[in-house]
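Have a look at the structure below, then the notes.
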Amino acid sequence: MTLAIVFLIVGFVLLVFAADYLVKGAASIASAVGISPLVVGLTVVAFGTSAPELAVSVASAFKGQADLAVGNVVGSNIFNILVVVGVSALIIPLVVHRQLIRLDVPVMIFLSGLVYFLSMDGLISRLDGAILFSMAIGYVGLLLWKSKHGGKAPGLDELDGLVDGGNDPKWAKNIFLIVIGIAGLTGGSHLLVKGAVEIATYFGVSELVIGLTIISVGTSLPEVATSVMAAIKGERDIAIGNVVGSNIFNIVTVLGLSSIVAPNGIGVAQAALDFDMLFMIAIALAAFPVFFLGYRVGRISGFFFVSFYVAYVVYLLLGSTENVAFPAYREVVLHWAAPITAGVLAIMLVRALLQGKNPA
């Protein structure tokens, strides 16, 4: 148990420093080649911080641990929206770029629904994985094309604190920072997951719940570190773009490649279909009106995001331990909290549409 705690601490330290290196290197290169920080967050940074999810899910799928592979992605996507965006917004209100509303959030919602549809037969086959991965290639190509033909995007001037000045982009230095950052994020996440799994196993938690909570949180900590660091530095396009991009990459790249390398695809547990994947879709849908209202995520929204994640984890833990309080808690969550939340979000969306706010 002591060694597991050491793994957690060392892993966290690695994540903090590696995230800083990754943001600096990626933002500097974006400035040098004229790519907007939003696109950097949706591609380079998002893919780099999704590397731990990819490593864990591919390894789990190859070993036949389907619950870990699926739970890692579903849990990470839930965690990214509710905790990463929530915590970042608590630090500083996040500005939502219009591209997120017009393209990336709808893509995230569509892919969340698509992966559920593909999983309805209880399996994400190799063909399903190939379909998902082909969408990853198309999505990245579209982003790069839009960035190249769209001119200098708003927010590029916010890189002043992250990039090197002058005409010399210092390619070697910034590429080195990105490589070290990704390596540190991957290594730090590995140590965190290793320690967390040992602790969770000690308490007898199921494999699916471990994937949805401990492993997903561990592999999502790069997103926490990167987005929080970007928020602190004022690079708010990267902070929120990283989250949306990571969620998209988790579905099309992590699940796509994992199901391709798995001998018989990835089996999806009925429990995940009945609740967790539906909750992931609901969170993706909920993000749209929150982001759309005023094109910002304020501290109040951040607080509620984090609170919803706490409620979700409590739901999982009570259900997995068959606690006597679970039926009553489930009743409150599904028949009271969920409808009220849906109503509030609908009102927010209508209000945003009527106000006709101009995007940032």
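The values are calculated or read from the model by the stated rules, or taken from the named source; none is laboratory data. On a predicted model such as this, the values are computed, not experimentally measured, just so you know. Quick reminder, even Gly has a Cβ in these numbers, built from the backbone with ideal geometry, and neighbours come from all protein chains shown.
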Residue within the range 47-70 that is in a helix (DSSP H, G or I), buried (at least 24 other Cβ atoms within 10 Å of the Cβ) and modelled with pLDDT under 75 present: yes
Only one residue in 73, 84, 96 is within 13 Å of residue 272 (Cβ to Cβ) and either out of contact with any helix residue (DSSP H, G or I) (no Cβ under 9 Å at 6 or more places or on another chain) or crowded, with 22+ Cβ neighbours inside 10 Å (or both), so which one is that? 73
Pairs, first crowded, with 23+ Cβ neighbours inside 10 Å in the range 107-127, second in a strand (DSSP E or B), C-beta under 6 Å, six or more apart: 124/265; 124/266
Can you find a residue that is surrounded by 18 or more Cβ atoms within 10 Å (Cβ to Cβ), within 23 Å of residue 248 (Cα to Cα) and modelled with pLDDT of 85 or more anywhere in the range 139-162? yes
For the range 16-44, give me the residue count where each residue is modelled with pLDDT of 75 or more and either more than 15 Å from residue 173 (Cβ to Cβ) or surrounded by fewer than 16 Cβ atoms within 10 Å (Cβ to Cβ) (or both). 2
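From 103, 132, which residue is in contact with a helix residue (DSSP H, G or I) (Cβ under 9 Å, 6 or more places away or on another chain) and either at pLDDT 90 or above or surrounded by 19 or more Cβ atoms within 10 Å (Cβ to Cβ) (or both)? Break it down stepwise before answering.
Values: 103 fails: either at pLDDT 90 or above or surrounded by 19 or more Cβ atoms within 10 Å (Cβ to Cβ) (or both).
Going through 103, 132 in turn, the sole match is 132.
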Does residue 240 satisfy the criteria of being buried (at least 24 other Cβ atoms within 10 Å of the Cβ), assigned to a helix (DSSP H, G or I) and either polar (S, T, N, Q) or out of contact with any Cys (no Cβ under 9 Å at 6 or more places or on another chain) (or both)? yes
Go through the range 319-353 and report how many residues are over 28 Å from residue 88 (Cβ atoms) and among the aliphatic types (A, V, I, L, M). 5
If residue 289 meets every condition in (1) of a type outside the set (Gly, Ala, Ser); (2) in contact with a Ser or Thr (Cβ under 8 Å, 6 or more places away or on another chain); (3) part of a helix (DSSP H, G or I) apart from one, which number is that one? (2)
Among (1) over 30 Å from residue 60 (Cα atoms); (2) under 18 Å from the mean Cα position of the chain (by Cα), where does residue 346 come up short? (2)
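It is to be established whether one or more residues within the range 249-272 are part of a loop (DSSP other than H, G, I, E, B), among the polar types (S, T, N, Q) and touching a strand residue (DSSP E or B) at 6+ places or on another chain (Cβ under 9 Å).
Scanning the range 249-272 turns up at least one residue that is part of a loop (DSSP other than H, G, I, E, B), among the polar types (S, T, N, Q) and touching a strand residue (DSSP E or B) at 6+ places or on another chain (Cβ under 9 Å).
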Tell me which of these residue 317 doesn't satisfy, since it passes every other one: (1) within 23 Å of the chain's Cα centre (by Cα); (2) within 25 Å of residue 51 (Cα to Cα); (3) not hydroxyl-bearing (Ser, Thr, Tyr). (2)
